[in-house]
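Data block below; observations after.
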Amino acid sequence: MQMSSVRSRCLRVRNESDEDEKMWYEPPRRRTGRNPGNNRVGGGHQELLAIVRGLQRSNILRRESQVSLSFGSKRSNLRRAYRLLWIFCSSYGCRTRYVNSCGTCENTHSPAGQYQSLVPEHFGLSDLTGMNCLVDGNIPPSSGLSSSSALVCCAGLVTLTVLGMNLSKVELAEICAKSEHYTGTEGGGMDQSISFLAEEGTAKLIEFSPLRATDVKLPSGAVFVIANSCVEMNKAATSHFNIRVMECRLAAKLLAKHKCLPWEEVLRLEEVQAKLGVSLEEMLLITEDTLHSEPYSPEEICRCLGISLQELKTQILSPNTQDVLTFKLYQRAKHVYSEAARVLQFKKICEEAPDNTVQLLGELMNQSHVSCRDMYECSCPELDQLVDICRKFGAQGSRLTGAGWGGCTVSIVPADKLSSFLANVHEAYYQRSNRSLVPEKQSLFATKPGGGALVFLEA
């Protein structure tokens, strides 16, 4: 489950006080601030405001897209932004000028697999319109608040606009999720889904296969607060994230093999549960019975699956996980199944709304952080310290958010304690170190569910 406000604010380029923030994707007309809330995105309009300023139609795309960006102050962010937009806008594949830091692109054109633009691929287009873009944002990079996913979603939405194409929000979310795999990160689709499917005033339970979103009404007596640990983690520059994905994939295959399922077809732990038709609680018991807590070596995994080491590396592992020496399958599977159970419990508590709702939700968030720290091992000392500080000064629950290894925490705070909570956390974590140099509005702020990706149009 994701707080839609955390995800959608990544795509906003105006503050919540701006009167025309809520405009959705409509034909050019006077801005009224209305959000019709339709279920399709697209159009053929040439003049956009806010998300992309100064968008211009140009001649048929030549060797590469005509993109000019202003995105933060770090050159690495600029290159990443340039390249992600370029993947959407170019039909010529990826060139080594835009090699990403994890070395995914190594050849003159496409690396292993086809580096083709996903929007042209979806519509079967051969000639694309170029565009000049100015990209801006106020979400700190590598903070676990989906700034890169917001950029991809923005790029997809703008590309559709320029091409005069239409896609449903679900289709566009799925394409955007797929496009991020081209950076070398084996990510899921939750960030992209909430970016498009978010609605003001409600959190969303995001489910996949098929993609769908269910409203979850949050308690009125609590506020969710984001706090930035100021530790940056670039997922595409390391193998941490992909190793976790591979560990979950391997755990799923071993569980499937143990239960005599067609394990070769299984990629996700959820698939094992679905094929067995059992509850999450039963999957936790099966995990306990099947997997051992000691790390698995590649050779042991091969023996369990009856495959060779070469087959493991070439058919299952991703390029940047082929040299990993140990895999913690039990810990990762236990975290995933228990976290999924906590998500459903969170939704249930919100629906039933008992008198101690905030306390119960806080306990689930605390359990989640412990599991992220100890079982999934995606926390870091600064995040753990920040979580402890948030709990000390009034948060009923606090946990890391995003991929982990840095970035932000999210805390549930009673509304009547918000002011003192913000002041105390700011003093305890930021003022007592050089973290105070980080702009306060980017380091510590209260949030609430907001709407998804928007395009501002000028008549």
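The values are calculated or read from the model by the stated rules, or taken from the named source; none is laboratory data. The structure presented is a predicted model; accordingly, all values stated were derived computationally and were not measured. In this analysis, Cβ positions are derived from the backbone assuming ideal geometry, glycine residues included, and neighbour counts consider all displayed protein chains. Heads up: the accessible areas ignore ligands, DNA and RNA and are worked out on the full protein's heavy atoms, side chains in. Shrake-Rupley method; radii C 1.70, N 1.55, O 1.52, S 1.80 Å.
In this structure the amide hydrogen of Val231, modeled in the peptide plane, comes within under 5 Å of the amide hydrogens of Gly407, none closer than 5 places in sequence on its chain.
Ligands, DNA and RNA are left out, and with a 1.4 angstrom probe the accessible area of the range 298-388 is 48 Å² per residue. Kirkwood analysis of the range 320-383, using all unique Cα-Cα pairs, places the hydrodynamic radius at 13.4 Å.
When each of the peptides 286-293, 274-281, 443-450, 240-247 is scored by how many other beta carbons lie within 10 Å of its residues on average, the order from highest to lowest is 240-247, 443-450, 286-293, 274-281. Using every Cα-Cα pair within the range 307-459, state what percent have a distance larger than 26 Å. Cα-Cα pairs in the range 307-459 separated by more than 26 Å: 43 percent. Evaluating 6.51 cos²θ - 1.76 cosθ + 1.60 at θ = phi - 60° for every residue in the range 330-344, the Karplus couplings come out as 4, 4, 5, 5, 5, 5, 4, 5, 6, 5, 4, 5, 5, 4, 5 Hz, glycine and proline recorded as x.
Normalised per residue, the accessible area of the range 145-213 is 29 Å², obtained with a 1.4 Å probe and no contribution from ligands, DNA or RNA.
Amide H contacts for Leu457 (H built 1.01 Å from N in the peptide plane; partners 5 or more residues away or on another chain; cut-off under 5 Å): Leu49. Taken one residue at a time, the phi angles of the range 311-328 give Karplus couplings (6.51, -1.76, 1.60, θ = phi - 60°) of 5, 4, 6, 8, 9, 10, 6, 7, x, 8, 10, 6, 9, 5, 8, 9, 10, 9 Hz. Gly and Pro are set to x.
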